Amino acid sequence: MGKKLLLLAVLVAALPIAAFANSNIEFDNSGGTLSGSSSGLSLSGSELTTVNGLNGGGLLSGNLGTVSFTTGALTGGSLQMGGTFAAGGSFTITGNGTNGIPNGVIFSGSFSSPVKWIWIPPDSSNPFNQYILMGTISGTLEGFATSGTNVQVTLQSTDLFNGSIPVFSGTTFFVVVPEPGTLTLLGTGLMGLAGAIRRKLKA
């Protein structure tokens, strides 16, 4: 499947989103391993490489911390050919104090709705299997109740998923919507998310 169709597959799978936002906050991660079974998937060893818009700031890059998560159990489909995992689990973004990033937990939460596990099968233009994991998350970001979207794109493999697969890159994306007397973070922000994924697929 071509890159445009891969991007379309991600966007079609995305959940409805709040429109008209003032700013976005994006966290990108790279590397690590996505592993698990029908009991759930977990991401470990993934480096936080880019932060953009946190606390009104600009783009920061480097080894900034870690991103990790676990999902609920598989509720439909299969590990090899795509399916759905239950909401729940955990999701944590941790900074290491580099380049003005907080030293400690930046976001702590869990998946707030079922998590989609998308299989992109080989075709005439691409002989590899690829998987995309995506879902909405909710929790606390820098003291504010938040919700947003996370997408993880795995490395291409000649084999179907067999318990673990390297992660190429991931994006956690929030849309910031100011309201009277508070600051609410809503997901998903399809346009910003599409741009982030497009950049990754060009890498």
How many nm separate the modelled label positions at Phe128 and Thr140, each set 7 Å beyond the Cα in the direction of the Cβ? 4.0
Taking amide H atoms as placed 1.01 Å from N in the peptide plane, list the residues 5 or more away in sequence, or in a different chain, whose amide H sits under 5 Å from that of Asn24. Val176
Provide the per-residue ³J(HN,Hα) series for region 157-163, in order, calculated from phi with Karplus coefficients 6.51, -1.76, 1.60 and θ = phi - 60°, each as a whole number of Hz, with x at glycine and proline positions. 9, 6, 10, 6, 4, 10, x
Taking a virtual spin label 7 Å from the Cα of Thr158 along the C-beta vector, which residues in region 115-148 bring their backbone nitrogen under 19 Å of it? 120-131
For region 92-107, Karplus couplings with θ = phi - 60° (6.51, -1.76, 1.60), whole Hz, Gly/Pro x: 9, 10, 10, x, 10, x, 7, 6, x, 6, x, 9, x, 5, 8, 10
Karplus-derived HN-Hα couplings along region 49-55 (A = 6.51, B = -1.76, C = 1.60, θ = phi - 60°), whole Hz, x at Gly and Pro: 10, 9, 10, 9, x, 5, 6
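Where the accessible area of region 70-166 is counted over protein heavy atoms with a 1.4 Å probe, how much of it, in %, is carbon and sulfur?
Of all accessible area on region 70-166, carbon and sulfur atoms account for 53 percent.
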Quick one: check the C-alpha center-to-center distance for region 49-74 versus region 107-123, whole angstrom. 17
Within 10 Å of each candidate Cβ there may be at most 16 other Cβ atoms; applying that plus a DSSP loop requirement, which chymotrypsin sites (Phe, Trp or Tyr not before Pro) in region 118-162 survive? Phe128
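The values are calculated or read from the model by the stated rules, or taken from the named source; none is laboratory data. Only a predicted model underlies this, so the values are computations on that prediction, with no experimental measurement involved. Every residue, glycine as well, gets a Cβ built from its backbone with ideal geometry; the counts of neighbours run over all protein chains shown. Surface areas here come from the heavy atoms of the whole protein model, side chains and all, with no ligands, DNA or RNA. Shrake-Rupley method; radii C 1.70, N 1.55, O 1.52, S 1.80 Å.
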